């Protein structure tokens with residue numbers, strides 16, 4: 001993959017996606033965008049060379065919006081990075097956590113800090129990203145408002161970290177770089193992402209996945225998602241270790257076609273990290 005000049009990510013600077021974009025393309029110009037959809041639209045229109053979105057969290061699981069946008073858009077995953085996520089409680093004034101009356105954050109962050117959120121009993125208000133929540137607290141005149149966000153967001157918006165780590169457990173999020181092309185180069189520790197739809201009959205999923213076991217291929221992720229404009233029909237998004245030109249993966253995909261109505265490659269990219 002050549003040098004990337006422009007990167008788009010959701011949320012203002014200070015978001016976790018912003019941190020991921022800096023790792024994936026440190027020399028590029030980084031553009032904060034309004035939403036996940038805005039990132040996809042900018043990548044499709046070539047307004048940015050690379051879009052960055054979260055796709056999986058070690059506690060919360062798959063990010064459904066990213067999976068669905070990739071299914072609908074003419075984009076491929078071309079890179080990935082896994083980052084540790086540390087959630088902090090941040091406020092405009094150095095108040096105590098039990099003084100917080102209104103708490104802002106992204107719904108996923110609320111879920112990852114469930115025990116803490118329950119303990120303080122504040123009114124929770126959802127924000128598009130954790131960095132958006134920090135910005136909203138900085139703009140508020142209410143000293144009892146706080147946000148669950150990163151320490152970087154606190155610095156950027158002039159907030160105090162009043163509790164340094166409020167997550168229930170250690171958390172990691174996998175981010176993907178998306179672009180309007182599919183990589184065909186090869187490197188160690190390669191991964192392939194694909195989506196498939198099975199026939200609606202008993203045993204279809206079992207038979208569709210069987211070739212991967214027979215060919216000794218490791219499945220990294222398997223996600224079930226509803227198919228748009230259908231009623232109670234589902235597709236399966238799958239990530240595998242291996243390159244599409246590997247003999248074993250080619251053989252497995254060939255055998256899989258007998259039990260599927262559709263197979264779509266989502267991307268091919270080098271795996272990074274141990275998570």
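The values are calculated or read from the model by the stated rules, or taken from the named source; none is laboratory data. Just so it is clear, the structure is predicted and the values come from calculations on it, not from any experiment. All Cβ positions, glycine included, derive from the backbone under ideal geometry; neighbour counts span all protein chains shown.
Below is a table of values for the structure above.
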item	result
Breaking point among (1) touching a residue at least 60 places away in the same chain (Cβ under 8 Å); (2) surrounded by 14 or more Cβ atoms within 10 Å (Cβ to Cβ), for residue 262	(2)
Filtered residues of the range 221-243 (kept if over 14 Å from residue 205 (Cβ atoms) and either modelled with pLDDT of 90 or more or not assigned by TED's automatic domain parsing to the domain that holds residue 199 (or both))	221, 226, 239, 240, 241, 242, 243
Residue tally, condition closer than 30 Å to residue 20 by Cα and surrounded by fewer than 18 Cβ atoms within 10 Å (Cβ to Cβ), over the range 245-259	2
Options 40, 100, 90: the member that is surrounded by 21 or more Cβ atoms within 10 Å (Cβ to Cβ) and farther than 22 Å from residue 153 by Cα	40
Filter result (surrounded by fewer than 24 Cβ atoms within 10 Å (Cβ to Cβ) and not in a loop (DSSP other than H, G, I, E, B)) within the range 1-17	6
Any chance residue 75 is modelled with pLDDT under 95 and touching a strand residue (DSSP E or B) at 6+ places or on another chain (Cβ under 8 Å)	no
Residue in the range 219-232 that is surrounded by 19 or more Cβ atoms within 10 Å (Cβ to Cβ) and touching a strand residue (DSSP E or B) at 6+ places or on another chain (Cβ under 9 Å) present	no
Given (1) in contact with a helix residue (DSSP H, G or I) (Cβ under 6 Å, 6 or more places away or on another chain); (2) within 26 Å of residue 16 (Cα to Cα), number of the condition residue 242 does not satisfy	(2)
Selection count where residues are over 14 Å from residue 199 (Cα atoms) and more than 18 Å from the chain's Cα centre (by Cα), scope the range 231-264	17
Within the range 71-186, helices (runs of 4 or more DSSP H) holding 1 or more residues that are in the same structural domain as residue 52 (by TED's automatic domain parsing) and at negative phi	none
Scan of the range 139-183 for residues that are over 25 Å from residue 23 (Cβ atoms), in contact with a strand residue (DSSP E or B) (Cβ under 9 Å, 6 or more places away or on another chain) and surrounded by fewer than 22 Cβ atoms within 10 Å (Cβ to Cβ), ordered by number	140, 142, 143, 144, 160, 162, 163
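Residue-wise test of (1) in contact (Cβ under 8 Å) with a residue 60 or more places away in the chain; (2) within 16 Å of residue 172 (Cα to Cα).
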residue: 48; (1), (2): no, no
residue: 59; (1), (2): yes, yes
residue: 72; (1), (2): yes, no
residue: 82; (1), (2): yes, yes
residue: 86; (1), (2): yes, yes
residue: 89; (1), (2): yes, no
residue: 94; (1), (2): yes, no
residue: 103; (1), (2): no, no
residue: 108; (1), (2): no, yes
